[in-house]
Amino acid sequence: MTRLRARRRRRRERRRSRGDGGFSLLEVTTACLLLGLSGTVIMGGLFTVVRTSQINTNQARVEAVLNSAADRLSGWAYTPCPAASGTGSYADVVQAAAGSVGWSPATVSIVSIQYFDPTATGSNPWIASNNATGVGCNPGVSATSPRTVQKITIRVTTPGGDYARELEVVKN
């Protein structure tokens, strides 16, 4: 009886050793496929997180530059006929705000300058000229003259151009 048991034990050991020969080609292929798919999903998720972070950073920088430009413009002296560009112009003042985040001054621009006309009829009292005739600019306007209140629209765009925002500043 002990010989029979010994023989059965040897057979079991031989069967176990034959089963430990490794993995089949199908098992290795399946494992590689699953590993590749999970890696692709993880990399796609990481790319999305990085891109979203860049977008949020750019939006925050645009807001910071816009607020800085508005503060600079509000503190700048009133000019009845502001030049479109150049030293001392409103554009020069607001473009200096781009330096606060290391951007080019070209990322900040003045879209429009409009004047409040208290005599205007209709729904829009803002006009493009401070002159009473509606043509050109009147450098002689004073605090007692009509059309001294200005609405300046500032636009800030990211250097890549993928995000832009505008803000209106009213100045007198």
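Length available on full extension from Val170 to Leu4: 0.36 nm per residue minus the Cα-Cα distance, which gives 49.3 nm. Helix 2-19 and the longest principal axis of the Cα set of the chain meet at an angle near 30°.
Residue separation of Thr121 and Cys137 scaled by 0.36 nm, minus their Cα-Cα distance, works out to 3.7 nm of gained length. Between Leu26 and Ala128, the modelled label-to-label distance comes to 7.7 nm, taking each label 7 Å out from Cα in the direction of the beta carbon.
Residues considered: Asp71, Asp92, Asp162. Largest GNM mean-square fluctuation over the chain, using C-alpha springs under 10 Å, is found at Asp162. Applying a 4.7 Å Cβ-Cβ cutoff to the chain, the cysteines left without a disulfide-compatible partner are Cys32. Annotation: Lys171 carries an accessible surface of approximately 20 Å², with a 1.4 Å probe and no ligand, DNA or RNA atoms counted. Considering only Arg51, Arg72, Arg11, the Gaussian network model of the chain with Cα springs below 10 Å gives its largest mean-square fluctuation to Arg11. Kirkwood hydrodynamic radius computed over the chain comes to 21.9 Å, based on all pairs of distinct alpha carbons.
If you take all other residues with their beta carbon under 14 Å from the beta carbon of Glu166, and give Lys and Arg +1 and Asp and Glu -1, the sum is +1. Compared with the dominant Cα axis of the chain, that is its longest principal axis, helix 25-75 is turned about 20°. Relative to one another, the C-alpha centroids of region 36-60 and region 69-90 are positioned 41 Å apart.
Quick one: net charge of Arg147's neighbours, Cβ under 15 Å, K/R +1, D/E -1? Residues near Arg147 contribute +1 overall.
Estimated from the Cβ-Cβ distance and a Förster radius of 25 angstrom, the FRET efficiency linking Thr79 and Gln59 is about 0.20. Full extension of the chain between Ser112 and Val50 yields a length gain of 18.8 nm, computed as 0.36 nm times the residue separation minus the alpha carbon distance. Rg over Rh for region 1-102 works out to 1.74, using Cα positions for both radii and the Kirkwood form for Rh.
For region 62-110, the Cα gyration tensor yields ellipsoid semi-axes of 18, 12, 7 Å (square root of five times each eigenvalue, largest first, whole Å).
The values are calculated or read from the model by the stated rules, or taken from the named source; none is laboratory data. Remember, predicted model here, so these are calculated numbers, not experimental data. Heads up, the Cβs are rebuilt from the backbone with ideal geometry, glycines too, and the neighbour counts pull from every protein chain shown. Side chains are part of the model used for accessible areas, which takes the heavy atoms of the whole protein and leaves out ligands, DNA and RNA. Shrake-Rupley method; radii C 1.70, N 1.55, O 1.52, S 1.80 Å.
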